[in-house]
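Presented below is the structure to which this report refers.
The values are calculated or read from the model by the stated rules, or taken from the named source; none is laboratory data. Predicted, not measured: the structure shown is a model, and the values here were computed from it. Quick reminder, even Gly has a Cβ in these numbers, built from the backbone with ideal geometry, and neighbours come from all protein chains shown. Heads up: the accessible areas ignore ligands, DNA and RNA and are worked out on the full protein's heavy atoms, side chains in. Shrake-Rupley method; radii C 1.70, N 1.55, O 1.52, S 1.80 Å.
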Amino acid sequence: MRRRRQNLWFERFMAVFLIANLILVLFDLSYISKRSFYFFHVRYQNAPVLTELYDRVKGIQPNRQTQKYLQIADGLVDRLEKGESVSTPQIDKTFKLLRNLSINLINTDPFNNANLSGYLEKIKNRMREHIRVESAKKAFETFWSANYLITRDLKTEIDFYRQEIRPLISVNYFRTIDESGTFVDRFWQIDIWFNVLFGIEFLIRTLVISKRNKIRWFDATLWRWYDLFLLIPIWRFLRVITVI
């Protein structure tokens, strides 16, 4: 009875690790396509910054073009909130820079490399609707100008930028490529520990089966063929067969 209880706890222990690994694998496989969902539902709700941690695994970095845009726009907004006049030469120079960056943003579409061009369209639509003009370029040129902000409530315009525009720009990213020409993916550095654990367990289990049933070790591995999916570093989704 004592041995059976120990075996039962061992089986439970391995089952927990197997299910945890499968969940991690499915999360990794969905990360690129669902990153925007993880980004908005985690980052902007005061939860742990999941995307900042896992971006490193997938070789994801902030896009330089959109990051520069945010840095300049955030700096301008901070200065205006502190009471600096919108009519100073320094502020006007920043306005001009942001207008040029906005036009460049529309013309070059830095969201395309991450398959996020839809977010640029959302940005353009929101800006057109806010300024009430047909042209997105004209809307940006109007928004980033002293003449416009003087005639509007400054807090309302700042809130519009921070709540409606900034999040859509910040979701953009750049994914690095390694020397082989493929996207950087460091998931194997996490998964290898599970592979080692499953490999040791598989070896011990098949040796026990071989000895207990007096069969060849190769035949014992065939008895546990579904466990072999845990040792393959590719097609990880097949591990669902082992879980079932």
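Of the helices (runs of 4 or more DSSP H) lying entirely inside region 88-181, those carrying at least 1 residues that are in contact with a strand residue (DSSP E or B) (Cβ under 9 Å, 6 or more places away or on another chain) are 166-170. For region 33-53, filtered to residues that are among the hydrophobic types (A, V, I, L, M, F, W, C), closer than 18 Å to K122 by Cα and modelled with pLDDT of 85 or more, the residue that is surrounded by the most Cβ atoms within 10 Å (Cβ to Cβ) is F39. Against the numbered list (1) closer than 23 Å to Y31 by Cβ; (2) open to solvent by less than 70 Å² (accessible area, probe 1.4 Å); (3) in contact with a helix residue (DSSP H, G or I) (Cβ under 7 Å, 6 or more places away or on another chain), G181 comes up short only at (3). Within region 104-113, the presence of at least one residue that is among the charged types (D, E, K, R) and modelled with pLDDT of 95 or more is confirmed. If only residues of region 54-91 that are surrounded by fewer than 13 Cβ atoms within 10 Å (Cβ to Cβ) and among the acidic types (D, E) are counted, the one that is modelled with the lowest pLDDT is E81.
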